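Peer 1: Below is the structure I would like to discuss, written out as structure tokens.
The values are calculated or read from the model by the stated rules, or taken from the named source; none is laboratory data. Because the structure is a prediction, the values reported are computed rather than measured. Methodologically, a virtual Cβ is constructed for each residue, glycine included, from the backbone with ideal geometry; neighbour enumeration extends over all protein chains shown.
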Amino acid sequence: MNSSANITRRSLLAGSAMAADMALTACGASNAGSDDAGAGASLTPITFCLDWTPNTNHTGIYVAQQQGFFADEGLDVTIVQPSEDGAEAMIGTGQCQFGVSFQDYIANALVAGNTSIQAVAAIIQHNTSGIMSRQEDGITSAKGMEGHTYATWELPVEQATIKQVVEADGGDYSKVELVPNTFDDEVSALKAGGVDTIWVYEGWSVQNAIVQDYPVNYFSFISIDDVFDFYTPVIAANAEWCAVNPEVAKAFLRAVKKGYDLAISDPDTAADILCEAVPELDASLVKQSAGFLAGEYQSDAASWGIIEADRWAAFYQWLNDNNLVESPIDVNAGWTMDYLEA
């Protein structure tokens, strides 16, 4: 895939509040609360790669670590930061067995020839991204972006998404003024008047606005077009490793599921665990975000982690139809439910 059509959200996140609020931390296997569970046992080593700095998307992993769920399954899990090439490259080359990715990142990997990566569980059941704006501007849907500035990363997939939701809402995309996204903090940018509308993740940036007591409007992309209900983020795995070690893969996901189930049932405790593991985090924001995501990790699915074939395929078909990949992608590629137990 050429660089101009590269599907990536890493550029989107680079200027986000997440980067501002979280120190880059190398996260080793600090098995607080879990060492005794594995004492004297021969544990299977697993390397898990984050997609970014630690945040509430990763809460279930840290809970599974601290509560001893990994050790109970005979696993010794090390949590690491991604390399410059990202978690997808590390997973695809076998440098780690599991990590955090996104459905669109996996599309990018597949088209580039990295067929060793596959999604094995959905961390958050539905896409929780959308547009945030100042409440006083009254922008409550995509059509309302007409006549206002939008902070763009100048990425083809990003701009195609904005164009489609504006037009699906009866708006004229040409009337949306695109300005470069150079902001470190979305809430601060809105306060300063540097931009009117910004693509954000509700579980973090909107919760940050709440913590700061700053009134905003927000609408999700999926409230306008179901095609954008793709899986973001996911637990991804090395396909070849899983095929050789299916029972270990199942054990890992059992432990992870327990971690996210606790984050769903007791978000305050889960937030405390994450903050203890990563003290650089803003505890008030983590608590607020954890409370929101408790209802989103599983949402309306029968259990945590389920990926639905039709939703997965619909987004890849949209990429194909809009020529957002260099060559057509198999709409059913890049995921499996073979290792997640209900």
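Peer 1: Please determine, by comparing only the residues of the range 237-293 that are hydroxyl-bearing (Ser, Thr, Tyr) and in contact with a Phe, Trp or Tyr (Cβ under 7 Å, 6 or more places away or on another chain), which one is surrounded by the fewest Cβ atoms within 10 Å (Cβ to Cβ).
Peer 2: First, pick out the residues of the range 237-293 that are hydroxyl-bearing (Ser, Thr, Tyr): 260, 265, 269, 284, 289.
Still in the running and in contact with a Phe, Trp or Tyr (Cβ under 7 Å, 6 or more places away or on another chain): 260, 289.
Numbers: Tyr260: 26, Ser289: 29.
Ranking the qualifying residues of the range 237-293, first place goes to Tyr260.
Peer 1: Hey, Asn127 hits all of (1) touching a helix residue (DSSP H, G or I) at 6+ places or on another chain (Cβ under 6 Å); (2) under 26 Å from Thr47 (Cα atoms); (3) modelled with pLDDT of 95 or more but one; which does it fall short on?
Peer 2: (2)
Peer 1: Next up: Could you list, in sequence order, all residues of the range 48-95 that are of a type in the set (Gly, Ala, Ser), more than 23 Å from Lys287 (Cα to Cα) and buried (at least 21 other Cβ atoms within 10 Å of the Cβ)? Explain how you work it out, then say what you get.
Peer 2: Pass one, the range 48-95, residues of a type in the set (Gly, Ala, Ser): 60, 64, 68, 71, 74, 83, 86-87, 89, 92, 94.
Filter again for more than 23 Å from Lys287 (Cα to Cα), leaving 71, 74, 83, 86-87, 89, 92, 94.
Listed by number, the residues that qualify are Ala71, Ala87, Gly92.
Peer 1: Return the pairs, sorted by first residue and then second, in which the second residue is at pLDDT below 95 and acidic (Asp, Glu), the first residue lies in the range 58-71 and is assigned by TED's automatic domain parsing to the domain that holds Ser265, the beta carbons are less than 9 Å apart, and the residues are 6+ apart or on different chains.
Peer 2: Cβ pairs passing all conditions: His58/Asp51; Gly68/Asp35; Gly68/Asp36; Ala71/Asp35; Ala71/Asp36.
Peer 1: Can you pull out every residue in the range 46-87 that is farther than 23 Å from Asn245 by Cα, of a type in the set (A, V, I, L, M, F, W, C), at pLDDT 95 or above and part of a loop (DSSP other than H, G, I, E, B)?
Peer 2: None; the set is empty.
Peer 1: Filter the range 121-170 for residues that are β-branched (Val, Ile, Thr) and touching a Gly at 6+ places or on another chain (Cβ under 8 Å); which is surrounded by the most Cβ atoms within 10 Å (Cβ to Cβ)?
Peer 2: As a first pass, look at the range 121-170 and keep what is β-branched (Val, Ile, Thr): 123-124, 128, 131, 139-140, 149, 152, 157, 161-162, 165-166.
Filter once more, so that each one left must be touching a Gly at 6+ places or on another chain (Cβ under 8 Å): 123-124, 128.
Working: Ile123: 26, Ile124: 21, Thr128: 21.
Going through the qualifying residues, I end up with Ile123.
Peer 1: I need the full set of residues from the range 98-117 which are crowded, with 24+ Cβ neighbours inside 10 Å and over 20 Å from Trp318 (Cβ atoms), in order please.
Peer 2: Phe98, Gly99, Ile117
Peer 1: Look at the range 300-336 and say how many of its residues are assigned to a loop (DSSP other than H, G, I, E, B), touching a strand residue (DSSP E or B) at 6+ places or on another chain (Cβ under 6 Å) and not polar (S, T, N, Q). I'd like the intermediate steps shown before the answer.
Peer 2: Going through the range 300-336, the residues assigned to a loop (DSSP other than H, G, I, E, B) turn out to be 300-304, 306-308, 322-334, 336.
Okay, now just the ones that are also touching a strand residue (DSSP E or B) at 6+ places or on another chain (Cβ under 6 Å), so 307, 334, 336.
With the extra rule that they be not polar (S, T, N, Q), the set shrinks to 307, 334.
Qualifying residue count, the range 300-336: 2.
Peer 1: Can you pull out every residue in the range 124-157 that is touching a His at 6+ places or on another chain (Cβ under 8 Å) and of a type outside the set (S, T, N, Q)?
Peer 2: We begin by selecting, within the range 124-157, every residue touching a His at 6+ places or on another chain (Cβ under 8 Å); these are 133, 137, 139.
Of everything in the range 124-157, those that are touching a His at 6+ places or on another chain (Cβ under 8 Å) and of a type outside the set (S, T, N, Q) turn out to be Asp137, Ile139.
Peer 1: Turning to a different aspect of this structure: Looking at (1) assigned to a helix (DSSP H, G or I); (2) free of Cβ contacts under 8 Å to residues at least 60 places away in the same chain; (3) hydroxyl-bearing (Ser, Thr, Tyr), can you tell me which one Tyr214 breaks?
Peer 2: The one condition Tyr214 does not meet is (1).
Peer 1: For the range 150-195, how many residues are closer than 27 Å to Asn323 by Cβ and not in a loop (DSSP other than H, G, I, E, B)? Outline the logic, then answer.
Peer 2: Step one: list which residues in the range 150-195 are closer than 27 Å to Asn323 by Cβ, which gives 150-181.
Checking which are not in a loop (DSSP other than H, G, I, E, B) leaves us with 150-152, 156-168, 173-175, 177-180.
Total meeting the criteria: 23.
Peer 1: In addition: If Gln159 satisfies all but one of (1) among the polar types (S, T, N, Q); (2) under 30 Å from Glu308 (Cα atoms); (3) touching a residue at least 40 places away in the same chain (Cβ under 8 Å), what's the number of the condition it fails?
Peer 2: In the conditions (1) among the polar types (S, T, N, Q); (2) under 30 Å from Glu308 (Cα atoms); (3) touching a residue at least 40 places away in the same chain (Cβ under 8 Å), Gln159 misses (3) alone.
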